[in-house]
Amino acid sequence: MRSCLLFCSLTLMMLFCVSCKHESVGPVNGVLVVYSDSLADFIDGGGLQELHLIVETVDPEEVFSFSFARLSEFQGTLKTRRTILFLVAPSDKDLLPTALQPGNSSVYSGRNVWSLDQLVFGAIVNPALPELPAGLVDTLENAYNFQMNNYIFESFVSTSMTSPERMDSLKSLGFSLDVPKSYFVRIWSPDDGFIQYQRQPGEECLLLFSIRILATDEELTDTNAILAREAMARIFFSDASADSVDRARITAVPILINGLSGWELTGVWRNPEYLNAGSFTTRVLDLGGVWYILDMEVYNPGHRKEPYLREGWVIMDTFCKE
């Protein structure tokens, strides 16, 4: 009887502790680096350079927003950050939070350690060696994708952002895709094989998420993927008949998603008629002569585009052919 009461008491205490936690805060792409004193020179000397990923939009943009604190400074509101990375020297291994568990890539990890929807990582770094643990940068990018997913599907309002009705309407076209409710339907023309959603985060910021279903006998090469994206914009986008893709500033990477092969494009679009430009990312997937073109176009002059491109990738990740 006593053991049963003790178990119930411990369970209630655990539930109470979880309920006391607040949501994590900070930039979606933010990483707080907490380091031991023995790594100060290593960090100040550029030891974390390989973590500074760059995405080419209209201009090169850093992927992560780093902030730093010594272990002795890690207290108060710093414990509520969304993503935290602890770096310690081998002699300071015992200073890693006990809540972190070792993973397969020499990176320790934990979730909701001090706040909800919080990801915490740890790594042991030898300041005498010029390298970080393998997989650390991928771990941080996966964390960014996790935080972005939470943001676009949950955090705009207090209720879930997914839309069963919208997903069902797309399923009638033979595929599913989870488009957040923050996007309204701008063009619904399935007979023409085209659907477009729009979100306007700011006065001069516009996001267009488009879906094109194209039956074709063409081979899906990187060049044909670029041409298909360009043709889609010229035909269906408003005031975009002069749109073109900047061939000198585009990356094309082969992809395989849910059994469908294709290309992922990231680059710059331009419209000389209206003297404007922006960034885009596109996935062109091939299913036996039917191409599914998923596209996020970003117009945000003078400001960052990378977060919105990543928003597009997170939405595209939900694509599934029925």
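Every number in this text was worked out from the coordinates using simple rules, so none of it is lab data. These numbers were taken from a predicted model, which means no experiment stands behind them. Please note: Cβ atoms are built from the backbone with ideal geometry, for glycine as well, and neighbour counts cover all protein chains shown.
So between SER238 and GLU141, what do we pick up on full extension, going 0.36 nm a residue minus the alpha carbon distance?
Taking SER238 through GLU141 to full extension adds about 31.6 nm, to one decimal.
What percent does the relative contact order of the range 19-155 come to when contacts are Cα pairs within less than 8 Å and at least six residues apart?
30 percent
Just report the Cα centroid separation between the range 213-246 and the range 107-135, whole Å.
Taking the Cα centre of each part, the range 213-246 and the range 107-135 sit 42 Å apart.
Give the long-range amide H neighbours of SER65: residues separated by 5 or more places, or on another chain, with amide H under 5 Å away, using H modelled in the peptide plane at 1.01 Å from N.
Those lying under 5 Å, H to H, from SER65 are GLY30, VAL31.
If the only charges are +1 at each Lys and Arg Cβ and -1 at each Asp and Glu Cβ, what is the size of the charge dipole of the range 164-321 around the Cα centre, to the nearest 20 debye?
With only Lys, Arg, Asp and Glu charged at Cβ, the dipole is about 340 debye.
Label points 7 Å out from Cα along the Cβ direction at ALA231 and TRP313: separation in nm?
Placing both labels 7 Å along Cα→Cβ, they lie 2.8 nm apart.
How many percent of Cα pairs in the chain exceed 31 Å?
Distances greater than 31 Å cover 43 percent of the Cα pairs.
Would you mind checking which residues have amide H under 5 Å from TRP291's amide H? H placed 1.01 Å from N; only 5 or more apart, or other chain.
LEU214, ALA215, THR216
I want the local charge near LEU85. Using Cβ-Cβ distances under 15 Å, sum +1 for each Lys or Arg and -1 for each Asp or Glu among the other residues.
Overall, the nearby charge balance is 0.
Over the range 164-321, what relative contact order in percent results from Cα pairs under 8 Å that are six or more residues apart? Walk me through the intermediate numbers first.
Values: 292 pairs, mean separation 36.5, N = 158.
Computed value for the range 164-321: 23 percent relative contact order.
Given the DSSP H assignment, sum -39500 (n - 2.57) over each helix run of at least 4 residues in the chain and divide by its residue total; what's the result at 222 nm in deg cm²/dmol, nearest 500?
Helices in the chain give a 222 nm mean residue ellipticity of -7000 deg cm²/dmol.
With the contact rule set at Cα under 8 Å and sequence spacing of 6 or more, what percent relative contact order holds for the chain? Walk me through the numbers on the way to the answer.
Details: 562 pairs, mean separation 45.3, N = 322.
The value is 14 percent.
For the chain, what is the number of Lys pairs with C-alpha distance below 27 angstrom, counting only pairs 8 or more positions apart or on separate chains?
Details: LYS21/LYS79; LYS21/LYS93; LYS79/LYS93; LYS171/LYS181; LYS171/LYS321; LYS181/LYS305; LYS181/LYS321.
For the chain, qualifying lysine pairs total 7.
Quick one: net charge around GLY312, please, counting Lys, Arg +1 and Asp, Glu -1 for every other residue with C-beta under 11 Å from its C-beta. Intermediate values should be presented prior to the final figure.
Values: positive: ARG199, ARG283, LYS305, ARG310; negative: GLU264, ASP295, GLU297, GLU306, GLU311, ASP317.
So the environment of GLY312 carries a net charge of -2.
Order the peptides 204-217, 45-58 from the highest to the lowest mean number of other Cβ atoms within 10 Å of their residues.
With the highest mean Cβ count within 10 Å placed first, the list reads 204-217, 45-58.
First select every other residue whose beta carbon is under 12 angstrom from the beta carbon of TRP114; then total the charges, Lys and Arg +1, Asp and Glu -1.
Computed value for this residue: +3.
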